[in-house]
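A short worksheet on the structure shown next.
The values are calculated or read from the model by the stated rules, or taken from the named source; none is laboratory data. All values derive from a computational prediction rather than experimental measurement. Here the Cβ positions follow ideal geometry from the backbone for every residue, glycine too, while neighbour counts run over all protein chains shown. To get the accessible areas, we keep the full protein, side chains included, count just its heavy atoms, and leave off ligands, DNA and RNA. Shrake-Rupley method; radii C 1.70, N 1.55, O 1.52, S 1.80 Å.
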Amino acid sequence: MLDILRQIVVKCGAVAIECRKTGLSKMVKADGTAVTQADYLVENMIVDELSRLFPSIAVISEEGNHYALLDKKIAFVVDPIDGTKEYLR
């Protein structure tokens, strides 16, 4: 499982780096914190892969687009780009 997770992280990291090269559009969430399109793109990539590869494990994501199913005993917790403020700098 760890090898699969590492592959997902490496793939998403490359996407996040490419997003920085092409420019970032910053948005502000309801709680006043910054979020970028890269956050959403990477989050969706991670959640899609995890859901496909590990359908019996719930996924909880920071941006709130995906929720854990209460009947699942374990969950992945996804923070697509930790430190968005720093990422923007």
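For F76, the amide hydrogen comes within under 5 Å of the amide hydrogens of A58, V59, I60, counting only partners 5 or more places away or on other chains and with H modelled in the peptide plane.
3J(HN,Hα) couplings calculated from phi for the range 31-42 with the Karplus curve 6.51 cos²θ - 1.76 cosθ + 1.60 (θ = phi - 60°) are, in sequence order, 7, x, 8, 7, 8, 10, 4, 4, 4, 5, 4, 5 Hz; Gly and Pro show x.
Fully extending the segment from I60 to K72, taken as 0.36 nm per residue of separation minus the present Cα-Cα distance, adds 3.2 nm. The listed peptides 4-15, 33-44, 51-62, ordered by packing as a protection proxy, come out as 33-44, 51-62, 4-15 (highest mean of other Cβ atoms within 10 Å first). In order along the range 43-56, phi translates into HN-Hα couplings of 4, 4, 4, 5, 4, 4, 5, 4, 5, 6, 7, 10, x, 8 Hz, rounded to whole numbers, per the Karplus curve 6.51 cos²θ - 1.76 cosθ + 1.60 with θ = phi - 60° and x for Gly and Pro. For the pair T33 and L2, the difference between a 0.36 nm per residue extended length and the Cα-Cα distance amounts to 8.1 nm.
Shown for the range 1-45: the carbon plus sulfur share of the solvent-accessible area, taken with all protein chains present and a 1.4 angstrom probe, equals 62%.
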